[in-house]
Amino acid sequence: MADEQSKTGVLGHLPPLPRKPLNNSVIAMEQAYRQRKGLPVLTEAEMEALKAGVPMPWEAGGAGASAAPAAPSTAASAQPAAPATTSAVAVAEPPGGDSAGMTETVKGLLASYPKWNKSTVAAEQARRKRKGLPLLTDAEASALTGEAPAAATPPTAAVPVPAAAARPAVAARTAAVVAPAGPPPIARDGTAVRYVGTPAVGTSKAAAAGGVATAGPEDTDIDRVRRRFVWSSVVAFLGAWFIAFFRFFLPRTLFEPSTVFKIGAASDYALGIDEKWLQKYRIWVDRRPDRLFVIYARCTHLGCTPDWKPAEHKFKCPCHGSGYDDEGVNFEGPAPRPMDRAHIEVAPDGQILVDTSHLYQWPKGQPSQFNDPGAYLPV
């Protein structure tokens, strides 16, 4: 990681100049990529330049471009795996400070990249695990992040620095720019939780890891009303299907009038056709001088109910024009035979008992059943 971070002005996956302003998602994705690869993460000034669509400080045309070269050309940068030289350590450390508490490993890492945080330290630890290198101790990690001074080691003969400096303040790109002082150290108890890998690009964790502030959508009244409407529609739809599902198992009963009923005494009827029971039982009571019988009001053609025409003294089917005389015998139209007659008898109470489930017919070309017992009552 030290050899990769010794480079200044790493473009990474960023588009070259000229470029359009970048949004927070693209910047967060670039930050995550740099953390995975061990490259220097973008600074606040670089992120502001990317959002504004202007050159970054180290690019041609950016602020401080003349003070920071695009890429090092010295022999020390050409061999990043070699230990940091005395001059490099002097640049990375605060001027006039004391180097007590700084190990050679920490000094070399600070010389390659001055701004360290927990994420970059975790990435360095992961790189050392992959490469089989010695892991950083807690004291070295604290010295890199500036939370606490590292373990005391004999000072080197390079350039002495004061022990009061807790965080290196000079960037690797320039020896003249001093970083602002960080927040005071915070005492922490217990074991620190370290994340393995990097958050997924496009999530809030990835944006937070890249230093980009994120905020979710506001929960407004109109959104709550819409959600209630959608859920009410879903519940109503499922409820209707639930009722229809159980209705399928209920019996389907057809209520029809009784086929056996009483219509009164024979003396209650005058000569001719009586339509008193047509709507309720679909019958006509036909009184003759010598007999009384009941005609079942159903056309023998296709089952329509004929109409009684007193002026014409006949039954007329409204469907296909079949005609019957006053005794229900067909004489015109497509009807093949006379209308049927229901079974009648006298009940013990003296009333006429009619049974429409037992019908007497006169089939075409066959003997008539109209004179059978039960087809009429003698009067």
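A few points about this structure:
- Test: residue 326 is modelled with pLDDT under 90, in contact with a Phe, Trp or Tyr (Cβ under 9 Å, 6 or more places away or on another chain) and assigned to a loop (DSSP other than H, G, I, E, B): yes
- Residue tally, condition surrounded by fewer than 19 Cβ atoms within 10 Å (Cβ to Cβ) and under 21 Å from residue 377 (Cβ atoms), over the range 322-342: 4
- Scanning the range 274-300 for residues that are of a type outside the set (D, E, K, R), in contact with a Phe, Trp or Tyr (Cβ under 7 Å, 6 or more places away or on another chain) and outside any strand (DSSP E or B), we see that the one that is surrounded by the most Cβ atoms within 10 Å (Cβ to Cβ) is 297.
- Residue within the range 310-321 that is surrounded by fewer than 16 Cβ atoms within 10 Å (Cβ to Cβ) and at positive phi present: yes
- Any hit, the range 121-132, residues being at pLDDT below 85, within 21 Å of residue 36 (Cβ to Cβ) and polar (S, T, N, Q): no
- Conditions (1) outside the structural domain of residue 321 (by TED's automatic domain parsing); (2) touching a residue at least 60 places away in the same chain (Cβ under 8 Å); number of the one not met by residue 294: (1)
- Qualifying residue in the range 232-250 (condition: outside any loop (DSSP other than H, G, I, E, B), touching a strand residue (DSSP E or B) at 6+ places or on another chain (Cβ under 9 Å) and hydrophobic (A, V, I, L, M, F, W, C)): no
- For the range 362-379, the set of residues classified as in contact with a strand residue (DSSP E or B) (Cβ under 8 Å, 6 or more places away or on another chain), part of a loop (DSSP other than H, G, I, E, B) and surrounded by fewer than 17 Cβ atoms within 10 Å (Cβ to Cβ) consists of 369, 372, 374, 379, listed by residue number.
- Unique match (being touching a helix residue (DSSP H, G or I) at 6+ places or on another chain (Cβ under 6 Å) and either of a type outside the set (D, E, K, R) or modelled with pLDDT under 95 (or both)) among 292, 278, 353: 292
- Filter result for residue 108 (in the same structural domain as residue 14 (by TED's automatic domain parsing), touching a Pro at 6+ places or on another chain (Cβ under 7 Å), modelled with pLDDT under 85 and surrounded by 15 or more Cβ atoms within 10 Å (Cβ to Cβ)): yes
- In the range 303-339, the residue that is nearest to residue 365 (Cα to Cα) out of those that are over 60 Å from the mean Cα position of the chain (by Cα) and of a type in the set (S, T, N, Q) is 330.
- Some residue of the range 248-268 being β-branched (Val, Ile, Thr), under 20 Å from residue 341 (Cα atoms) and at pLDDT below 90: yes
The values are calculated or read from the model by the stated rules, or taken from the named source; none is laboratory data. Just so we're clear, the structure is a prediction, and the values are computed from it rather than from any experiment. When we count neighbours, we look across all protein chains shown, and the Cβ atoms used for this are built from the backbone with ideal geometry, even at glycine.
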